[in-house]
Structures are given as structure tokens and as C-alpha cells.
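Written below as C-alpha cells is the structure these notes are about.
The values are calculated or read from the model by the stated rules, or taken from the named source; none is laboratory data. The structure displayed is predicted, hence computed values, not measured ones. Every residue, glycine as well, gets a Cβ built from its backbone with ideal geometry; the counts of neighbours run over all protein chains shown. Each accessible area value is taken on the protein alone, full model and side chains, heavy atoms only, with ligands, DNA and RNA left out. Shrake-Rupley method; radii C 1.70, N 1.55, O 1.52, S 1.80 Å.
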Amino acid sequence: QVQLVESGGGLVQPGGSLRLSCAASGNSFSIYAMGWYRQAPGKQRELVARIRNSDTTYYADSVKGRFTISRDFAKNTVYLQMNSLKPEDTGVYYCSAIVLPTEYWGQGTQVTVSS
């Protein structure tokens, strides 16, 4: 079992920045990859960014060049730095951790980009 707790969401104006954090506990030493998903109102949850233990990263096309995912192994924490935010980035952001073959989820944190 892995427990995930997200923080850092909020309201920001277009063009602004936010940093999300996700702290893992429990069986965190067995985590293969961590990532961030988001779900906008009326839409399906989509993968935004993922980082593997090898430091290999993946980004959705819509966030490339604006978002950066990073991981602090000592703190069992993954971060999502979000710059140049757009209204279409609005949604609930969920942290995930993969302990093969299971994917665990956090409770989500709201990000709202609006003027």
C-alpha cells in the first residue's frame, strides 16, 4: 500500500505559476514511477506528466515546455512545477504512484486558472 498526499493547488491568473507537491508514504521504496493526472469538468482524467525511477520523463503535448516534473527520493516526494498557466489547465490534479502492477492515487488538489 502507498498513501499519497497532494498540496499546492489554488487559484492563479493566466500566465502565472504554481508548484504541486505529492508526498508518498507506506510502501514507497517499491514505487516504479510517479505522475500527475488532471481532470477538467466534464472530461476524462488525463496523464499530464510522469517520472520513472530512471528519471525518464513523459509530458502531455499540451504542457510540454511549461510544466516540469521532478522527484526527491530522499523525501519520497514528487513535484509538478507549472508555469505559463492557461485557463485550459484548470482541473483537479491527482498524484499517482505505480507499484507494479498497481497504481495508487491521491485525493486530488484543485487548480483554477482564471482572471
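Across the accessible surface of the chain, with the other protein chains kept in place and a 1.4 Å probe, carbon and sulfur atoms take up 49 percent. With 10 Å bins beginning at zero, the pair-distance distribution over Cα atoms of the stretch 57-114 amounts to 18, 50, 28, 3 %.
Computed over the alpha-carbon pairs of the stretch 8-71, the distance histogram in 5 Å steps reads 3, 14, 22, 26, 20, 9, 5, 1 percent, short to long. Once Rg and the Kirkwood radius are both taken over the C-alpha atoms of the chain, their ratio Rg/Rh works out to 0.95.
Placing +1 on the Cβ of every Lys and Arg and -1 on the Cβ of every Asp and Glu, with no other charges, gives the stretch 1-93 a dipole of roughly 40 debye about its Cα centre. When nucleic acids and ligands are ignored and a 1.4 Å probe is applied, GLU88 ends up with an accessible area of around 120 Å².
Placing LYS86, LYS43 in order of accessible area, with the largest value first and a 1.4 Å probe, yields LYS43, LYS86. Quick one: how many Å² of TYR59 are accessible to a 1.4 Å probe, rounded to 10? Result for TYR59: roughly 40 Å² accessible.
Think of a 1.4 Å ball rolled over the protein heavy atoms: the chain then has 52 Å² of accessible area per residue.
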